[in-house]
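Below is one structure, written out as structure tokens, with a few remarks after it.
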Amino acid sequence: MSSLLETAAHPENLRRVAIDPISRVEGHGKVTILLDDKNRVHQVRLHIVEFRGFEKFIQGRPYWEVPVMVQRLCGICPVSHHLAASKALDAIVGAKYLTPTAEKNRRLMHYGQILQSHALHFFHLCSPDLLFGFDSDVAKRNIVGVAEKYPETARRGILLRKFGQEVIRHTAGKRVHGTGAVPGGVNKSLSIAERDELLRDIYQMVAWSRDAVQMVKELHHRNPALYNSFGAFRANFMSMVGFDGGLDLYHGQLRGRDENGNMLFDGVDYQNYTDLIGEEVKNWSYMKFPYLKPLGKEKGWYRVGPMSRIQNCDFISTPLAEIERRAFIAYSGVMPMHAPLGYHWTRMIEMLHAAEMIKDLLHNDDITGSDLIVTGERGFEGVGVIEAPRGTLIHHYRVDENDLVTMCNLIVSTTHNNQAMNEAVRRVAQQYLHGHEITEGLLNHIEVAVRAFDPCLSCATHALGKMPLEVEVLNEAGERLSFLSRTGDGVLG
Amino acid sequence: MNQNKQTTFTLDGKTIPFSPGQTLIQAAMAAGVYIPHLCFNPEFKPHGSCKVCTVKADGRQTSSCTHQAQDGMMVESNTREINDERRALLQMLFVEGNHFCPSCEKSGSCQLQATAYEMGMMSPHFDHFFPDRPLDASHPDYLLDFNRCILCSLCVRASRDVDGKNVFALSGRGIESHLIVNAKSGRLADTGFSGEDKAAHVCPVGVILKKRVGFAIPIGSRSFDEQPISATPHPQGACPVGPRSNAATLPPHPTVKDV
């Protein structure tokens with residue numbers, strides 16, 4: 001798997017510009033750009049140099065500990081890991097089907113996670129770029145600037161996220177790193193009081209989510225030249241869809257489409273994901289490059305996340321989100337949307353769907369039921385897949401006869417998008433950097449492209465714009481020609 | 001001397017009645033006064049090894065679980081000096097083993113964790129040892145996670161004194177001390193251990209665990225979620241040994257929740 005600008009033909013005489021670190025949640029990453037003496041771009045790479053090690057140190061631990069331990073991979077969407085692991089371990093305890101109460105409480109937890117994560121990403125982290133402009137005054141390009149100029153927007157973002165966190169707290173016991181899901185079910189259901197507390201605010205959350213979709217939709221309509229082309233590249237799509245082909249973020253089967261929207265595969269049981277997905281290792285990144293085996297390494301890379309899911313499903317079960325899905329598809333036209341900024345629009349459609357699902361679940365009597373856990377014939381291997389806020393999340397475990405984990409394989413959402421993010425960064429470098437001097441605004445263009453994917457490698461997206469950056473230009477002898485840095489509080493140096 | 005006179009000692013300014021033969025901690029617990037402790041369990045003969053229950057009796061430091069109360073004794077327990085020492089002991093216990101509370105199923109019901117909270121321990125302070133201690137998952141229904149052993153010997157005492165089995169023992173000396181089981185193979189499955197044993201239910205931390213229970217108890221319902229350990233004198237469900245002259249004031253003794 002290689003692409004234009006991945007590897008320069010003659011790197012020896014080129015200048016190297018490094019954005020290092022791209023501050024991240026889960027370790028370290030950087031962007032390197034090789035330029036010639038006329039500032040023409042010859043090579044761009046997004047390097048993920050994190051190393052987590054969870055797959056190794058979960059080995060030898062009892063399986064029932066796994067959902068609580070592996071969620072510590074992440075402080076942003078731990079619920080996704082918690083649920084993916086629990087789904088995988090359902091097979092170990094022989095729970096082919098959960099009780100209605102267990103499944104609905106897990107779904108409620110998951111939709112709470114989707115709501116809070118999408119709200120955080122859009123309002124707190126990306127709205128400054130979208131509302132003020134990518135190269136606007138850096139001092140105001142943050143959530144505080146949004147709060148000053150658009151106070152109601154900022155307030156809604158904060159309260160939407162808070163509501164999602166409360167849903168998680170009531171289903172998992174804590175807002176972050178709870179224990180609600182256990183192999184075979186859940187350890188608690190919603191109490192009547194908890195349900196009523198959430199019901200008080202859910203209608204407001206649905207309304208605000210709908211407004212958020214309108215807001216991002218208007219941005220697209222107002223400036224289609226930018227939104228349809230910024231960092232755009234063509235790629236395959238993959239996501240899980242429900243067994244009926246509808247959007248389902250909790251359970252279903254795998255579906256893929258090519259860059260023209262034609263079906264590549266459908267109805268794939270995720271237990272067989274290893275037949276579908278291979279992982280390539282490149283010597284310049286610690287993150288693997290997944291690809292669809294039937295298409296091979298060169299052509300098999302793909303995108304996951306909201307833009308894949310919304311364009312991959314046949315329909316959305318909740319009415320308001322379905323109206324917005326149709327509007328998005330109509331805007332895109334015959335061909336799928338490929339521009340990374342389309343992620344924001346689709347992300348907000350999903351947030352609306354999550355809010356509607358929470359409303360429906362709160363009105364379902366099963367949510368307060370008492371039948372929590374099922375077990376059956378003991379298994380020794382399990383795969384759990386969930387559509388996390390950032391995309392398809394795969395957990396795979398083997399457990400021995402003494403109940404200890406012997407193998408763990410995790411493919412997280414950001415890993416699926418590795419090649420896609422590299423492509424987006426390359427397009428932006430071509431579109432905006434090629435032949436120009438380096439400026440802070442340029443740095444932010446690259447960040448905007450990475451940010452659109454909401455990768456879990458970015459304090460860029462998860463530290464309120466306080467992403468420290470350093471860019472240095474070296475000559476072929478390694479001597480620094482110029483240097484630009486931005487501190488965590490946005491000060492250029 | 002008046003035979004009917006109630007013998008008492010003073011604990012942090014409070015008068016504590018006691019009966020002949022009672023230790024300081026027994027009398028304090030009977031009076032509803034909490035003295036931090038780990039290896040003490042009123043159901044078993046005191047061991048005096050963890051030193052967390054150390055108090056200053058008539059100006060001299062002593063283990064309150066082994067020191068018999070004496071009439072008129074002046075005892076200090078809840079003082080800054082003693083609590084600082086208790087905190088240091090707890091910190092040493094944390095760094096000697098591998099105590100990863102975030103993913104430990106005993107979290108919320110663990111006496112070590114609860115006592116550390118009680119003592120205001122905010123960090124381990126010392127460098128972690130990170131010892132290599134493999135699990136023993138050989139038994140079909142119980143798991144031994146030696147990473148969390150604090151060498152309290154409660155399982156040793158329960159197996160020996162109640163179960164009559166001697167399944168557990170402490171081996172080695174000093175920093176090499178460790179828990180072993182009574183089988184040539186070294187595996188719990190090859191001992192006479194049973195889930196019915198008293199020893200299966202006395203571990204104050206997360207070493208002896210019933211398999212496949214995990215996180216079945218939700219956050220909010222665990223032993224120390226509602227109230228701190230100081231309000232739950234002995235979570236094993238045992239009552240203090242000896243007469244309880246002030247039993248009416250005793251807080252309830254909740255049991256560690258077991259599934």
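General remarks:
- Evaluating B:Leu24 against the criteria (1) within 14 Å of another protein chain (Cβ to nearest Cβ); (2) surrounded by 21 or more Cβ atoms within 10 Å (Cβ to Cβ) leaves one unmet condition, (1).
Table: residues versus (1) touching a His at 6+ places or on another chain (Cβ under 9 Å); (2) outside any loop (DSSP other than H, G, I, E, B).
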| position | (1), (2) |
| --- | --- |
| B:Ile16 | no, yes |
| B:Gly32 | no, no |
| B:Phe40 | yes, no |
| B:Lys45 | no, no |
| B:Thr62 | no, yes |
| B:Glu81 | no, yes |
| B:Arg86 | no, yes |
| B:Asn98 | yes, no |
| B:Pro102 | yes, yes |
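- Residue that is nearest to A:Gly112 (Cα to Cα), among those in the range A:321-375 that are surrounded by fewer than 24 Cβ atoms within 10 Å (Cβ to Cβ) and among the aromatic types (Phe, Trp, Tyr): A:Phe328
- Some residue of the range B:147-165 being within 14 Å of chain A (Cβ to nearest Cβ) and surrounded by 13 or more Cβ atoms within 10 Å (Cβ to Cβ): yes
- Members of the range A:355-378 that are of a type outside the set (D, E, K, R) and in contact with a Gly (Cβ under 8 Å, 6 or more places away or on another chain): A:Ile358, A:Leu372, A:Ile373, A:Val374, A:Thr375, A:Gly376
Listed here are the residues, each with its yes/no results for (1) within 14 Å of another protein chain (Cβ to nearest Cβ); (2) in a loop (DSSP other than H, G, I, E, B); (3) at pLDDT 90 or above; (4) more than 28 Å from A:Arg175 (Cα to Cα).
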residue	(1), (2), (3), (4)
B:Cys203	no, yes, yes, yes
B:Gly206	yes, yes, yes, no
B:Leu209	yes, no, yes, no
B:Pro233	no, yes, no, yes
B:Cys239	no, yes, no, yes
B:Pro243	no, yes, no, yes
B:Val259	yes, yes, no, no
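- Of the residues in the range B:215-226, at least one is at the interface with chain A (Cβ under 9 Å from one of its Cβ atoms) and either in contact with a helix residue (DSSP H, G or I) (Cβ under 7 Å, 6 or more places away or on another chain) or not in a loop (DSSP other than H, G, I, E, B) (or both).
- Each residue in the range B:190-214 was checked for being surrounded by fewer than 16 Cβ atoms within 10 Å (Cβ to Cβ), over 20 Å from A:Glu65 (Cβ atoms) and out of contact with any helix residue (DSSP H, G or I) (no Cβ under 8 Å at 6 or more places or on another chain), and 3 pass.
Residue by residue, here is whether (1) part of a helix (DSSP H, G or I); (2) more than 23 Å from A:Leu404 (Cα to Cα) holds:
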{"position": "A:Gln59", "(1), (2)": "no, no"}
{"position": "A:Met69", "(1), (2)": "yes, no"}
{"position": "A:Ala88", "(1), (2)": "yes, no"}
{"position": "A:His124", "(1), (2)": "yes, yes"}
{"position": "A:Ser127", "(1), (2)": "yes, yes"}
{"position": "A:Arg141", "(1), (2)": "no, yes"}
{"position": "A:Ala154", "(1), (2)": "yes, yes"}
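- Selection within the range B:78-99: residues that are polar (S, T, N, Q) and within 17 Å of the chain's Cα centre (by Cα). The member of this set that is surrounded by the fewest Cβ atoms within 10 Å (Cβ to Cβ) is B:Asn83.
- The criterion of at least 3 residues that are of a type in the set (Gly, Ala, Ser), in contact with a helix residue (DSSP H, G or I) (Cβ under 7 Å, 6 or more places away or on another chain) and closer than 30 Å to A:Glu65 by Cβ is met by the following strands (runs of 3 or more DSSP E) wholly inside the range A:309-416: A:381-388.
- Of the candidates A:Leu198, A:Leu226, the single residue that is over 20 Å from the mean Cα position of the chain (by Cα), more than 14 Å from chain B (Cβ to nearest Cβ) and buried (at least 22 other Cβ atoms within 10 Å of the Cβ) is A:Leu198.
- The single condition among (1) farther than 30 Å from A:Gln43 by Cα; (2) surrounded by fewer than 20 Cβ atoms within 10 Å (Cβ to Cβ); (3) in contact with a Lys or Arg (Cβ under 7 Å, 6 or more places away or on another chain) that A:Gly242 does not satisfy is (3).
- Remark: pairs (first residue in the range A:183-210, on the phi < 0 side of the Ramachandran plot; second residue buried (at least 19 other Cβ atoms within 10 Å of the Cβ) and acidic (Asp, Glu); Cβ separation under 7 Å; 6+ apart in sequence or on different chains) = A:Pro183/A:Asp90; A:Val206/A:Glu356.
- Selected residue (criterion: surrounded by the fewest Cβ atoms within 10 Å (Cβ to Cβ)) from residues of the range A:132-186 that are within 14 Å of another protein chain (Cβ to nearest Cβ) and over 23 Å from the mean Cα position of the chain (by Cα): A:Gly173
- Within the range B:127-144, residues that are closer than 21 Å to B:Leu93 by Cβ and within 12 Å of another protein chain (Cβ to nearest Cβ) reach partners that are of a type in the set (A, V, I, L, M, F, W, C) and assigned to a strand (DSSP E or B) with beta carbons closer than 6 Å, at six or more positions or on different chains, in the pairs B:Asp136/B:Leu144; B:Leu143/B:Leu209.
- Annotation note: of A:Ile386, A:Ile394, A:Ile358, A:Ile323, the sole residue that is without any contact (Cβ under 8 Å) to a residue 24 or more places away in the chain and more than 14 Å from every other protein chain (Cβ to nearest Cβ) is A:Ile323.
- Scanning the range B:146-178 for residues that are touching a helix residue (DSSP H, G or I) at 6+ places or on another chain (Cβ under 8 Å) and outside any helix (DSSP H, G or I) returns B:Ile150, B:Lys165, B:Asn166, B:Val167, B:Phe168, B:Ala169, B:Leu170, B:His178.
The values are calculated or read from the model by the stated rules, or taken from the named source; none is laboratory data. These figures come from a predicted structure and were not determined experimentally. Cβ coordinates were reconstructed from backbone atoms using ideal geometry, including for glycine residues, and neighbour counts include every protein chain displayed.
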